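> My questions all concern the structure below.
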Number of protein chains: 2
Amino acid sequence: MRYFVITGHKAVTTGDFKLDDIAGGAGRLDILVRCVNSAFFLSHDLRKDVEIYLVLEGGEAAPKTVVFKGSELRYLNPDERSTASLIRNALLKPVKQGEEVRSSPGVYVTKMSFYDVLDLLAQKGEFVYLKEDGIDCRDYTFPENPIFVLGDNRDLTEEEEAALVSHSPDKICIGPHSLHADHCMIIVHNEADRKSV
Amino acid sequence: MRYFVITGHKAVTTGDFKLDDIAGGAGRLDILVRCVNSAFFLSHDLRKDVEIYLVLEGGEAAPKTVVFKGSELRYLNPDERSTASLIRNALLKPVKQGEEVRSSPGVYVTKMSFYDVLDLLAQKGEFVYLKEDGIDCRDYTFPENPIFVLGDNRDLTEEEEAALVSHSPDKICIGPHSLHADHCMIIVHNEADRKSV
């Protein structure tokens, strides 16, 4: 399994945003939506061995984490608007601390924080932090169940980074240029595909 | 310079589509919009040494080609809706055969067909056809001014492919899986970046 964890530092946690304004009023939800696209789409198929954890840290109901699970996922289309709609439907569901509520097949909403997500996933694989000063992904031996952690358009906060570092993640970079999170994910998938992780 | 040519086999050529429906009513314009994102975005910068030719082949005014030129480009944001809006503004401009009309800085609309685009670009670089049976891009020596040609969610038509083949393109693939056009572009950029093309 490949896991991705993306922090949306300003991303909304209530479902009252407009689908016309996901880059503005929804706190750069557009970034997270593109990450969902990168996580799952092959040319004519979806990757079933992937889960993505979108950690939403903005607005009144923060934090919430929306989880997409490839093995169960349906109704995912590649365009931003329809994926934002799946997230909005998830955020409209009432959810209590400790619960995982399904809003559509393969899409779940929880009250997990970034720290809760790290604690949950620590039992499932090895953390891999995507960071400019990491080693080149081409020189890196991927673990069996990598958990890739990325920020949105901002780096992890100091507190978030410290929590991640306490799990002793490997650090990798994806090439000569710093890229958007969704583009980094494409490079990482390609490298892992080539190494048959 | 890196050039990208993408065929939008059903993509609209008139500006009367709704920004809420770019994946439907606009003939999968969402695919082309994501290709624009892949062409230009670095983490905190735009690639200036890139041009992308979106060949729109659907609707009453077909064909039209909308060109984005990185060296002049402004007002490009990463979300699909705002890029679709730039394309719609271009399609709303009157344009005659042989003209190139600027709709915003770095964005042009023309009446060029796929064949016209090939003829124009043949003078500027070497064609590289992205195709599953091509050689691995990692084993490929990129030309100085590569012109990457991709289909949208459909392959090139037989006629289009024959026209491209008449220019003796190199054929490359991007890895073990077939990917969406915008994802292929990320891999190609990364490989060219690593080879300092």
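The values are calculated or read from the model by the stated rules, or taken from the named source; none is laboratory data. Since the model is a prediction, treat every value here as computed from it, not as a measurement. Please note: Cβ atoms are built from the backbone with ideal geometry, for glycine as well, and neighbour counts cover all protein chains shown.
> Test A:Ser113 against the criterion of being more than 14 Å from chain B (Cβ to nearest Cβ), more than 12 Å from the chain's Cα centre (by Cα) and modelled with pLDDT of 95 or more, and give yes or no. Before the answer, list the steps.
Working: more than 14 Å from chain B (Cβ to nearest Cβ): yes; more than 12 Å from the chain's Cα centre (by Cα): yes; modelled with pLDDT of 95 or more: yes.
Taking the combined requirement at face value, the residue satisfies it.
> Report yes if B:Thr83 is polar (S, T, N, Q), under 26 Å from A:Ile31 (Cβ atoms) and either within 13 Å of chain A (Cβ to nearest Cβ) or touching a Gly at 6+ places or on another chain (Cβ under 6 Å) (or both), otherwise no. Quick ask: steps written out before the conclusion?
Working: polar (S, T, N, Q): yes; under 26 Å from A:Ile31 (Cβ atoms): yes; either within 13 Å of chain A (Cβ to nearest Cβ) or touching a Gly at 6+ places or on another chain (Cβ under 6 Å) (or both): yes.
Yes: the conditions hold for B:Thr83.
> So, in segment B:65-76, exactly how many residues are under 20 Å from A:Asp30 (Cβ atoms) and surrounded by 15 or more Cβ atoms within 10 Å (Cβ to Cβ)? Give the steps one after another, and end with the answer.
Start the filter on segment B:65-76 by keeping residues that are under 20 Å from A:Asp30 (Cβ atoms), which leaves B:68, B:73-76.
Those still in the list that are surrounded by 15 or more Cβ atoms within 10 Å (Cβ to Cβ) too: B:68, B:73, B:76.
Qualifying residue count for the region: 3.
> Continuing with the same structure: Which one of A:Val50, A:Val12 is closer than 18 Å to A:Ser113 by Cβ and at pLDDT 95 or above? Can you show your working first?
Details: A:Val50 fails: closer than 18 Å to A:Ser113 by Cβ.
Going through A:Val50, A:Val12 in turn, just one is closer than 18 Å to A:Ser113 by Cβ and at pLDDT 95 or above: A:Val12.
> Also: Among the residues of segment B:147-155, are any closer than 24 Å to B:Leu56 by Cα, loosely packed, with under 14 Cβ neighbours inside 10 Å and within 15 Å of the chain's Cα centre (by Cα)?
Kept after step one, since they are closer than 24 Å to B:Leu56 by Cα, are these residues of segment B:147-155: B:147-155.
Cutting the leftovers down to loosely packed, with under 14 Cβ neighbours inside 10 Å gives us B:154.
Still in the list and also within 15 Å of the chain's Cα centre (by Cα): B:154.
Taking every residue of segment B:147-155 in turn, at least one turns out to be closer than 24 Å to B:Leu56 by Cα, loosely packed, with under 14 Cβ neighbours inside 10 Å and within 15 Å of the chain's Cα centre (by Cα).
> Something else: Looking at the structure I just gave you, is A:Glu132 assigned to a strand (DSSP E or B) and out of contact with any Leu (no Cβ under 9 Å at 6 or more places or on another chain)? Let's see the steps before the verdict.
Values: assigned to a strand (DSSP E or B): yes; out of contact with any Leu (no Cβ under 9 Å at 6 or more places or on another chain): yes.
It is true that A:Glu132 is assigned to a strand (DSSP E or B) and out of contact with any Leu (no Cβ under 9 Å at 6 or more places or on another chain).
> Criterion first (more than 14 Å from every other protein chain (Cβ to nearest Cβ) and loosely packed, with under 14 Cβ neighbours inside 10 Å) does A:Ser166 satisfy it? Can you show your working first?
Numbers: more than 14 Å from every other protein chain (Cβ to nearest Cβ): yes; loosely packed, with under 14 Cβ neighbours inside 10 Å: yes.
Against the criterion (more than 14 Å from every other protein chain (Cβ to nearest Cβ) and loosely packed, with under 14 Cβ neighbours inside 10 Å), A:Ser166 qualifies.
> Sticking with this one: Please find, within segment A:138-155, the residue that is nearest to A:Val128 (Cα to Cα) out of those that are assigned to a loop (DSSP other than H, G, I, E, B) and either modelled with pLDDT under 95 or of a type in the set (Phe, Trp, Tyr) (or both).
So the residue we want is A:Phe142.
> Something else about it: Across segment A:86-119, what is the total count of residues that are crowded, with 18+ Cβ neighbours inside 10 Å and either in contact (Cβ under 8 Å) with a residue 60 or more places away in the chain or part of a helix (DSSP H, G or I) (or both)?
8
> Being in contact with a Gly (Cβ under 8 Å, 6 or more places away or on another chain) and over 22 Å from A:Phe148 (Cβ atoms) is true for just one of A:Phe17, A:Phe68, A:Phe40. Which residue is that?
Testing whether each residue is in contact with a Gly (Cβ under 8 Å, 6 or more places away or on another chain) and over 22 Å from A:Phe148 (Cβ atoms) leaves just A:Phe17.
> Please indicate, with yes or no, whether at least one residue in segment B:130-144 is touching a residue at least 24 places away in the same chain (Cβ under 8 Å), among the polar types (S, T, N, Q) and in contact with a Lys or Arg (Cβ under 8 Å, 6 or more places away or on another chain).
yes
> On to the next question. For segment A:19-46, how many residues are charged (D, E, K, R) and without any contact (Cβ under 8 Å) to a residue 40 or more places away in the chain? Outline the logic, then answer.
Initially, segment A:19-46 is screened for residues charged (D, E, K, R), giving A:20-21, A:28, A:30, A:34, A:45.
Pick out the ones that are also without any contact (Cβ under 8 Å) to a residue 40 or more places away in the chain and you get A:20-21, A:45.
Number satisfying all stated conditions: 3.
> Suppose we keep only residues that are more than 13 Å from chain B (Cβ to nearest Cβ), under 15 Å from the mean Cα position of the chain (by Cα) and assigned to a loop (DSSP other than H, G, I, E, B) within segment A:49-72. Which one would you say is nearest to B:Ile174 (Cα to Cα)?
First, the residues of segment A:49-72 that are more than 13 Å from chain B (Cβ to nearest Cβ): A:51-72.
Those left that are additionally under 15 Å from the mean Cα position of the chain (by Cα): A:51-57, A:63-70.
Still in the list and also assigned to a loop (DSSP other than H, G, I, E, B): A:57, A:63, A:70.
Numbers: A:Glu57: 35, A:Pro63: 38, A:Gly70: 23 Å.
Here the answer is A:Gly70.
> Suppose we keep only residues that are touching a strand residue (DSSP E or B) at 6+ places or on another chain (Cβ under 6 Å) and of a type in the set (A, V, I, L, M) within segment B:90-106. Which one would you say is farthest from B:Glu72 (Cα to Cα)?
Out of the qualifying residues, it is B:Val95.
> Then there is this: Across segment A:7-28, what is the total count of residues that are away from chain B (no Cβ under 12 Å), surrounded by fewer than 24 Cβ atoms within 10 Å (Cβ to Cβ) and of a type in the set (A, V, I, L, M, F, W, C)?
The total comes to 1.
> Please work out if A:Ile31 is away from every other protein chain (no Cβ under 14 Å) and either touching a strand residue (DSSP E or B) at 6+ places or on another chain (Cβ under 8 Å) or assigned to a helix (DSSP H, G or I) (or both). Lay out the reasoning, then the answer.
On the way: away from every other protein chain (no Cβ under 14 Å): no; either touching a strand residue (DSSP E or B) at 6+ places or on another chain (Cβ under 8 Å) or assigned to a helix (DSSP H, G or I) (or both): yes.
Here the answer is no, as A:Ile31 does not meet what is asked.
> Can you name the number of the only condition in (1) within 15 Å of the chain's Cα centre (by Cα); (2) away from every other protein chain (no Cβ under 14 Å) that B:Val36 fails?
Of (1) within 15 Å of the chain's Cα centre (by Cα); (2) away from every other protein chain (no Cβ under 14 Å), only one is false for B:Val36: (2).
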